[in-house]
1. Could you compute the FRET efficiency for V276 and L170, with r as their C-beta to C-beta distance and R0 at 51 Å, rounded to 0.05?
2. Where Rh is the Kirkwood radius over the Cα pairs of segment 626-673, the temperature 10 °C and the viscosity 1.306 mPa s, what D in µm²/s does Stokes-Einstein return?
3. Please work out the Cα convex hull volume for the chain and give it in Å³ per residue.
4. Testing the spin-label approximation: label points 7 Å from Cα along Cα→Cβ at V522 and L66. State their distance in nm.
5. Around R48, under 9 Å between beta carbons, what's the net of Lys plus Arg minus Asp minus Glu among the other residues?
6. Starting from the Cα of K83, step 7 Å along the direction of its Cβ; do the same at S193; then give the gap between the two resulting points in nm.
7. What nm distance separates the two modelled labels at E371 and E31, each placed 7 Å from Cα along Cα→Cβ?
8. Mean shadow of segment 431-558, computed from the convex hull of its alpha carbons, in nm²?
Amino acid sequence: MAKKVKTIASRGRKAKMPSRISPMLCTLTKEVIQSEEYLYEVKWDGYRIISYAKGKNVRMDSRSGLDYTDKYPPIVKAIQQLKHDVILDGEVVVFNKEGLPDFDALQLYNGHDHPITYCVFDILWIDGYVLKELPLIERKEILEGLLANNAIIRFSEHFEDGKALYQSMLDRNLEGIVAKKKNSEYIEGNRGSNWLKTPTRKRQEFVIGGWAESDKSRAFRSLLFGAYDGKQLKWIGRSGGGYKENEMPGILKQLQALEVTESPFVNRVLDTKGAVIHWVKPELVANFEFATWTKSGRIRKPATFLGFRKDKKAKQVVLEVPKEIRESDTEQLIEDIAPDKKSSTGRTPQKTTAGNRKLSTSAKSNWPEVEKQNHEDKGAFQIDDCSIDLFNVDRELWKGVSKADLITYYHNVHEYILPHVKDRALSLHVKLNGPQAPGLYIKDMEGRQPDCAQIFSDRRRHVGAGKRKVIDYLICNNEATLLWLINLGCIDVNPWNARMQTPDKPDYIVIDLDPTEDKLSVKGLQRLQNTAIAAKDYCDENKLKAFVKTSGKTGMHFLIPCSGFTCPEARSLGEQICRDIHELVPEEATININKSGRGNKVFIDFSQNDYADTIAAPYCVRPYHIPLVSTPLAWKEVNSKLDPRTFRMNKTISRLEKVGDLFENISDKKLITANNKVLSRM
């Protein structure tokens, strides 16, 4: 190594050779960012490899930490001949006769048949010095001196004109370019603005999560794939082309060996064309080429399969949507929920959501606060003859879950929710600043309801200064009203226990098991389980037909269908039932109304049976620190393994497809008649 290079290397920090380096990563960009701060390199179409050399000992690790040393004997030998202890970062590439990278040849490489090249773009440690903290331009100067005239280990050159290099890659049909800040340090595992990649073709690795059956002679119709966003695997697209017919049975065999019963994706798979879908453990990684991204980070048209990637672990395949494209989910959301009924994004549709109604805002109304919120990412669409103005859909509600995701969820489950809110007045809990921030309560619509909604006008029981004598409650009998609610800022949906036709006669008695602990401890969960099992045993012994669901937080709801009882009668019956259940588990539960007297016990609550009381609707998401759903359960699920915190938004669709609506028969007349006989004797 030249004396000048040794001098630069000595600027590094003295340290032992690291045993493992986590590769620095690139952020995907749609266009080349031309700046004097950056240098530009060719994006090689190969396997990312970090090499460790100490004496004659060489180890070559893939990005996922797999040992690839035995795969590339010529490179190992070339590294040994450097006669320096080093850590190098680069791409292993096989070049074809035209001098272009050939990824297919790389996958078939057996160590002997083709020349192979290690295109190295960084050096991280040398002869006792860590170089990661040095500016990139200095690290590359050391690297260039180390690799001068090396036939197998090629120094990856850099250029000043990014746009010219990108055009050259386009002309030569190569993969793309990488832009790197000249003064950047090597930050392990980092994916930020220091390193940027701009591909000429939209080609990327994704994780296989399922396949669609073929109705023809092919082994399968398409593969379903996605990428990780944090710890969640999100579905992104499907691929129906690029497969060699003779290889498809082998691919299907791999898929069948990994088959599971539930979708690994947290979001719903769209556009399956009615095919039978099979799910697989998310272990296989493959390369796909595709046309374009949508604004919500999906692939609009089917992708082309290019081959499997055995050098990467599934968990390392993360969502990489170009920054400019991720600015708004509005267009894709409208396309998902009303593909044939969208208006131009940002334009006001012909029919406004409040029509020409006169607004009457009382002095203590919360509507002015709701209407002050900024409206960004705007779009409009028509559904059920009602126009909906979407806004702020890109806002993150939970980590990795946007408002667009929440609206899409309600769109996907609306057929299950609507029967349970039909003709029931709603109290709105509007969360302007997210599910964990304080919210605003609204009962009186005061003319703000959408055109597709109904109103139940009821006399205000407690008239005070600044309040109207009549409350116009919202009735949600269609999907458009439901989506309007969620777009307004509601996370959950809270209907009355009674219908508007008979508002003083509830359809069920509500028993609420409410743990005192906000975040359940192991003991707190056991108390809840034991109390729920006691409630189940009580219903069984008394031949009461009840329906059970999680509260959508840490508690449980038991609904006992009935008919003809007034609200005071229902409350009285509920109180008696709660006392009886409490006697079964006095060490676990309490019926003490005062919080200070409950200790850590489960509160068995009968108080939600009064006039105008509400309960979270089945299948609604709750405003909690994670997106939990109030989920109907089968009675066999009420056992010592029950944990309400496992019923999350990302699992509801697959659960519904598997078990259906477990509350479907809650209005069965025979069941209600049987319950009435029991309740009348209490």
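1. Values: r = 41 Å, r/R0 = 0.80.
That pair, V276 with L170, gives E of 0.80.
2. This corresponds to a translational diffusion coefficient of 129 µm²/s.
3. Residue-normalised Cα hull volume stands at 207 Å³.
4. In this crude spin-label approximation the distance works out to 3.8 nm.
5. Spelling it out: positives minus negatives among the neighbours equals -1.
6. So the two model labels end up 4.5 nm from each other.
7. For E371 paired with E31, the spin-label model returns 4.0 nm.
8. Directional mean of the projected Cα hull area for segment 431-558 stands at 10.6 nm².
The numbers here are math on the coordinates, done by the rules we state, and not lab data. Quantities reported herein were computed from a predicted structural model and do not represent experimental measurements. Reconstructed Cβ throughout: ideal geometry from the backbone, glycine too, with neighbour counts over all protein chains shown.
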